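Below: the structure, in structure tokens.
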Amino acid sequence: MFYAALDVSLRSVAICIIDHEGKICLERSVRSDVPDVLRCLAAFGQPIHQVGFEAGALTQPITYGLAEAGYDVVCMEARQVAAALSAMRNKTDKHDARGIAQILRSGWYSRVHVKSVESHHMRALLTSRKVMQRKCIDLENEIRGLLRIFGVVLPLRLSRGAFDAAVRETIETDPALSHALLPMLEARAMLFETFTELDRRVKRAAREDTICRRFMTVPGVGEITALSFKAAVDDPARFKSSRTVGAHFGLTPRRFQSGETDNPGRISHAGDADVRAALYAAANAMLMRSITWSSLKAWGVRLMKTKGRRRAIVAVARKIAVVLHRMWADGTDFRLGSEARLNDVPLPRG
């Protein structure tokens, strides 16, 4: 039984093949190209039980290429591999490949789920939208700061669409300001137009997806949250229990226990930060904006009175993640709850 380990970088791949006793049978370095890796593995001449590597930038193409060739591919959690390799005296690509091979042989690793191509397409669309949104906000803040020097203070609450009209007239009345700030305003207008188009594409993709439409029946969950959650989870069957989804997105407290010390700290902030932010926004909308009553909202309102607003929102965000996963896994719709009267639970102020 042979195990092949790959230490993957952008330009080269260090390959190490060992047998079941840990003896090195082959070491080689090839280009970071799937056909080159496949030729090296095929040239070994013996059936390879597993091929393993740590998660990284080239995880998707290497996983898809090796799996298509018939290999049992194991993508390992990068933090766990780094912790295991930190005990080695010298760090080189060759030594890293040896260490990964031993980790693969011992079975001391956590397998990372490699998402589908469809999931990556969704994520690319969401990322493009967010990048354009951030660039628009950066330019708006720069323009606000430069105008403040000349005594022009813009309203704090100014919608993205109304920003250009509110600023352009002020800039064009002063030739010096026009010379300095008008190009920046034009660039911001082009970015905002691109953001608007990407925002329409995201919302259209969510509305056309059956699973996302089911997600959006949950009060507070909109197109961004639904599509972000679907792209991040990819396959609901990879979670044995819906309760673990909240921990996967960093919405459960860290815990440090040693002897008499037992410290449940703040939430771990592990996993996808964008999905965590989307779930938090959905929970905030459910508790503070939505007028639709549900047992989940009632639980969050009661928690808000004892634990405070921020902790309650985080707890409801974790619950929303659990509910969305269970809806997806079971194919069920969201149920508001057995009690149908809003007056039974006092609403938070503000």
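So that you can scan it fast, the table gives a plain yes or no per residue for (1) touching a residue at least 24 places away in the same chain (Cβ under 8 Å); (2) in a loop (DSSP other than H, G, I, E, B); (3) in contact with a Lys or Arg (Cβ under 8 Å, 6 or more places away or on another chain):
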{"residue": "Arg214", "(1), (2), (3)": "yes, no, no"}
{"residue": "Val218", "(1), (2), (3)": "yes, yes, no"}
{"residue": "Val221", "(1), (2), (3)": "yes, yes, no"}
{"residue": "Thr225", "(1), (2), (3)": "yes, no, no"}
{"residue": "Arg254", "(1), (2), (3)": "no, no, yes"}
{"residue": "Pro264", "(1), (2), (3)": "no, no, yes"}
{"residue": "Arg276", "(1), (2), (3)": "yes, no, no"}
{"residue": "Ala285", "(1), (2), (3)": "yes, no, no"}
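Quick check on my filter: what residues within the range 221-236 are farther than 10 Å from Trp328 by Cβ and open to solvent by 30 Å² or more (accessible area, probe 1.4 Å)?
Correct list: Glu223, Ile224, Asp234.
Residues to consider are Phe53, Phe2, Phe44; find the one that is touching a helix residue (DSSP H, G or I) at 6+ places or on another chain (Cβ under 7 Å) and aromatic (Phe, Trp, Tyr).
Phe53
Can you pull out the residues in the range 297-312 that are in contact (Cβ under 8 Å) with a residue 24 or more places away in the chain and surrounded by fewer than 23 Cβ atoms within 10 Å (Cβ to Cβ)?
Residues satisfying the conditions are Ala298, Val301, Arg302, Met304, Arg309, Ala312.
List the pairs whose first member sits in the range 147-174 and is more than 25 Å from Thr196 (Cα to Cα), whose second member is surrounded by 11 or more Cβ atoms within 10 Å (Cβ to Cβ) and acidic (Asp, Glu), and whose Cβ atoms are under 9 Å apart, counting only residues at least 6 apart or on separate chains?
Pairs that qualify, where the first residue is more than 25 Å from Thr196 (Cα to Cα) and the partner is surrounded by 11 or more Cβ atoms within 10 Å (Cβ to Cβ) and acidic (Asp, Glu), are Phe150/Asp174.
Give the residues of the range 103-135 that are surrounded by 16 or more Cβ atoms within 10 Å (Cβ to Cβ) and more than 22 Å from the chain's Cα centre (by Cα), sorted by residue number.
Ile103, Leu104, Arg105
Among the basic types (Lys, Arg) and touching a Leu at 6+ places or on another chain (Cβ under 7 Å), is that true of Arg148?
No: the conditions fail for Arg148.
Does Leu41 satisfy the condition of being part of a helix (DSSP H, G or I) and more than 16 Å from Val114 (Cβ to Cβ)?
Taking the combined requirement at face value, the residue satisfies it.
Would you mind finding the one in Ser32, Ser86 that is open to solvent by 70 Å² or more (accessible area, probe 1.4 Å) and either modelled with pLDDT of 95 or more or of a type in the set (Gly, Ala, Ser) (or both)?
Among Ser32, Ser86, only Ser86 is open to solvent by 70 Å² or more (accessible area, probe 1.4 Å) and either modelled with pLDDT of 95 or more or of a type in the set (Gly, Ala, Ser) (or both).
With Val51, Val74, Val34 as the choices, which residue is under 22 Å from Val117 (Cβ atoms) and touching a Pro at 6+ places or on another chain (Cβ under 9 Å)?
Going through Val51, Val74, Val34 in turn, the sole match is Val34.
Just one of Arg144, Arg129, Arg105 is under 30 Å from Asp72 (Cα atoms), of a type outside the set (Phe, Trp, Tyr) and in a helix (DSSP H, G or I); which is it?
Arg105
The values are calculated or read from the model by the stated rules, or taken from the named source; none is laboratory data. Just so we're clear, the structure is a prediction, and the values are computed from it rather than from any experiment. No Cβ is skipped: glycine too gets one built from the backbone with ideal geometry, and neighbour counts run over all protein chains shown. What goes into the accessible areas is simple: the full protein's heavy atoms, side chains included, and nothing from ligands, DNA or RNA. Shrake-Rupley method; radii C 1.70, N 1.55, O 1.52, S 1.80 Å.
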